[in-house]
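Below: one structure, written as structure tokens.
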Amino acid sequence: MNLLGFKDVIFDSFCEDKEFVHIYASVTKMDTCPHCGSTKIWVHDHRIQKIKDTHIHGKKCLIHLKKTRYDCKSCGCRFERELDFIAKGHTMTYRLVFAIVAEFNELHSSSSIASRYNVLLILFENFTLFICFKSKTFKCIVYR
């Protein structure tokens, strides 16, 4: 079942508390190396990455995504499946980033937006400015 609309992700379960909806999901298994195309790949390790997503029913959403790193026995590369809904090394989905950027068009202060989306103010401002320069579809106004 693809509850979240994310490619290559399998929904496992969810639970909620007063403030958060916790979604537990895993990434689909890979069978070939993206570098050399070999099928001689082995699991290196597993890890759980916590990813922030847009609100669900007025609650903050946190995705607990089980990811697998692989080793290729042919070319020696270590890799994991690339996901189309999150940038490598980031902990927020693209749709959350775009929702935050869209809030600037509503003329909200950066501190109120950071509080609403549960992000740190310093990282929030740097990350938002980065997204604004990369995306030509959003107009950003940053208040201090």
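Observations on the structure shown:
- Amide H contacts of H44 (H built 1.01 Å from N, in plane; Pro and chain starts excluded): R69, Y70, D71 sit under 5 Å, all sequence-distant by 5 or more or on other chains.
- Lys-Lys pairs in segment 38-122 that are eight or more residues apart or on separate chains and whose Cα atoms lie under 28 Å of each other come to 19.
- For I56, the residues whose amide H sits under 5 Å from its own are C61, ignoring neighbours fewer than 5 places away on the same chain, with H placed 1.01 Å from N.
- Note on segment 1-82: with charges restricted to the Cβ of Lys and Arg (+1) and Asp and Glu (-1), its dipole about the Cα centre is near 180 debye.
- Calculation over all alpha carbon pairs of segment 5-61 in 5 angstrom steps from 0 returns a P(r) of 4, 14, 19, 21, 14, 10, 8, 6, 3, 0 percent.
- Neighbourhood charge, 14 Å Cβ-Cβ cut-off, centred on F85 and excluding it, Lys, Arg +1 and Asp, Glu -1: +2
- Estimated vicinal HN-Hα couplings, Hz - segment 79-94 in sequence order (Karplus 6.51, -1.76, 1.60; Gly, Pro = x): 8, 9, 5, 7, 10, 8, 10, 8, 6, 4, x, 9, 10, 10, 6, 4
Read-outs: derived from the displayed coordinates by stated rules, not from any lab. Given the structure is predicted, the values throughout are model-derived calculations rather than measurements. Don't worry about glycine lacking a Cβ; one is built from the backbone with ideal geometry, like all the others, and counts go over all protein chains shown.
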